[in-house]
Amino acid sequence: MGFSLRSRDYMEYIKRAYELIHSRGDYITELDSATGDGDHWTNINMGFESLVQQADRLEEMELSEQFREIGRIMMSVIGGSSGILYGSAYIAASKPLEGKEKIGEETLYEVLLSMLDAITARGQAKEGDKTMIDSLAPAVKKYKECLDRKEDAELLCEEVKKAAEEGAENTKKMEAVRGRASYQADRGLGHLDPGAVTMSYQLVTLMDFAAEKSREK
Ligand code: ADP
Ligand code: MG
């Protein structure tokens, strides 16, 4: 069976993603200290914390309005490159949600694809440049493959989740082309990209949550 996420469900996902991100503070800060300026966890954790604090208000909104508002909050609360990138991603993803009350399999694909396109347009990085894109892009690609195969929702969630995790893991072998890691002598080679890891945390939480929802029906 498929899944369908409403505004309230999406905020439940946000709370779970916050819990995971929040619990990995030392680890993510360590990663960003090796390749960047060490603030990535503080930035992203603050953004998610602010979303959770405003959850009561956000869960009452229609999906497209909710995504626009999430984008606005992320853009203003999360500092650094990731604030602008996540802000643009959520604002772009509000478009395919226009007039929709639920996010089903097809719509979640459109949402993730819009996010990827917005992050790419904004940051001008491509796959392999050692950024958050290296977790999101393989996940989006795998998602499309699963939709084309008419994969069962639970299996789809599992496959997309794996692609996101493997994508983040692969950044260890990459040299940074964009962002602060590209200023380092080794261009971050041998280290995971913190932004790819936090992106994978969000995708893993989202796909686990969607799988759980698909089992509920
Ligand atoms: P800053 O690098 O400005 O301090 P953060 O520390 O919050 O911002 O985020 C760093 C992460 O942002 C990186 O690990 C990388 O994944 C991501 N990132 C940086 N520049 C880009 C870009 N141009 N496109 C996509 N992602 C990027
Ligand atoms: Mg940083």
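Taking segment 30-66 as the region of interest, how many residues are closer than 16 Å to Tyr18 by Cβ, near ligand 1 (Cβ under 10 Å from one of its atoms) and buried (at least 17 other Cβ atoms within 10 Å of the Cβ)?
Residues meeting the conditions: 5.
Quick check on my filter: what residues within segment 145-156 are without any contact (Cβ under 8 Å) to a residue 60 or more places away in the chain and either surrounded by 18 or more Cβ atoms within 10 Å (Cβ to Cβ) or assigned to a loop (DSSP other than H, G, I, E, B) (or both)? Let's see the steps before the verdict.
Taking segment 145-156 first, the residues without any contact (Cβ under 8 Å) to a residue 60 or more places away in the chain are 145-152, 155-156.
If the condition is that a residue be without any contact (Cβ under 8 Å) to a residue 60 or more places away in the chain and either surrounded by 18 or more Cβ atoms within 10 Å (Cβ to Cβ) or assigned to a loop (DSSP other than H, G, I, E, B) (or both), then Cys146, Arg149, Lys150, Glu151, Asp152, Leu156 are the ones that fit.
Cβ contacts < 7 Å: first residue under 20 Å from Phe209 (Cα atoms) and among the acidic types (Asp, Glu), restricted to segment 85-104; second residue open to solvent by 20 Å² or more (accessible area, probe 1.4 Å) and modelled with pLDDT of 95 or more, any location; separation 6+ or different chain. Result?
Glu101/Arg6
Restricting segment 9-24 to residues that are touching a residue at least 60 places away in the same chain (Cβ under 8 Å) and among the hydrophobic types (A, V, I, L, M, F, W, C), which is nearest to Ala196 (Cα to Cα)? Reasoning before the result, please.
Residues of segment 9-24 touching a residue at least 60 places away in the same chain (Cβ under 8 Å): 9-10, 12-13, 16-17, 20-21, 24.
Still in the running and among the hydrophobic types (A, V, I, L, M, F, W, C): 17, 20-21.
Values: Ala17: 14, Leu20: 15, Ile21: 12 Å.
Checking each candidate, the answer is Ile21.
When Glu69 is evaluated against the numbered criteria (1) at pLDDT 95 or above; (2) surrounded by fewer than 19 Cβ atoms within 10 Å (Cβ to Cβ); (3) within 15 Å of ligand 1 (Cβ to nearest atom), which criterion, by number, is the only one it fails?
Looking at each condition in turn, Glu69 falls short on (3).
Restricting attention to segment 19-27, does a residue exist that is within 16 Å of ligand 2 (Cβ to nearest atom), farther than 29 Å from Glu106 by Cβ and in contact with a Pro (Cβ under 6 Å, 6 or more places away or on another chain)? So that I can check it myself, show each step before the final result.
Here is the first cut: in segment 19-27, the residues within 16 Å of ligand 2 (Cβ to nearest atom) are 21, 24-27.
Remaining after also requiring farther than 29 Å from Glu106 by Cβ: 24-27.
Now narrow it down to the ones that are in contact with a Pro (Cβ under 6 Å, 6 or more places away or on another chain): none.
No: segment 19-27 contains no residue that is within 16 Å of ligand 2 (Cβ to nearest atom), farther than 29 Å from Glu106 by Cβ and in contact with a Pro (Cβ under 6 Å, 6 or more places away or on another chain).
So which residues in segment 169-212 are assigned to a loop (DSSP other than H, G, I, E, B), acidic (Asp, Glu) and surrounded by fewer than 24 Cβ atoms within 10 Å (Cβ to Cβ), if there are any at all?
Of the residues in segment 169-212, the ones assigned to a loop (DSSP other than H, G, I, E, B) are 174-179, 184-193.
Now drop any that are not acidic (Asp, Glu), which leaves 175, 186, 193.
Hits for segment 169-212 are Glu175, Asp186.
Quick one: count up the residues across segment 40-76 that are outside any helix (DSSP H, G or I) and either of a type in the set (Val, Ile, Thr) or under 12 Å from Arg8 (Cα atoms) (or both).
Residues flagged as outside any helix (DSSP H, G or I) and either of a type in the set (Val, Ile, Thr) or under 12 Å from Arg8 (Cα atoms) (or both) within segment 40-76 amount to 4.
With the requirement that a residue be of a type in the set (Asp, Glu) and away from ligand 2 (no atom under 12 Å from the Cβ), what does segment 173-204 give you? Write out each step before concluding.
To start, the set of residues in segment 173-204 that are of a type in the set (Asp, Glu) comprises 175, 186, 193.
Result: Glu175, Asp186.
Among the residues of segment 105-130, write down those that are open to solvent by 20 Å² or more (accessible area, probe 1.4 Å) and in a loop (DSSP other than H, G, I, E, B).
Once the filter is applied, which keeps residues that are open to solvent by 20 Å² or more (accessible area, probe 1.4 Å) and in a loop (DSSP other than H, G, I, E, B), segment 105-130 yields Gln124, Lys126, Glu127, Gly128.
Asp134 versus (1) within 12 Å of the chain's Cα centre (by Cα); (2) within 19 Å of Ser182 (Cα to Cα); (3) open to solvent by 30 Å² or more (accessible area, probe 1.4 Å): which is the lone unmet condition?
Against the list (1) within 12 Å of the chain's Cα centre (by Cα); (2) within 19 Å of Ser182 (Cα to Cα); (3) open to solvent by 30 Å² or more (accessible area, probe 1.4 Å), Asp134 comes up short only on (3).
The values are calculated or read from the model by the stated rules, or taken from the named source; none is laboratory data. Fair warning: this is a prediction, and the values are worked out from it, not measured in the lab. So basically every Cβ, Gly included, is an ideal-geometry build from the backbone, and we count neighbours across all protein chains shown. Just so you know, the surface numbers come from the protein's heavy atoms only, side chains and all, with ligands and any DNA or RNA stripped out. Shrake-Rupley method; radii C 1.70, N 1.55, O 1.52, S 1.80 Å.
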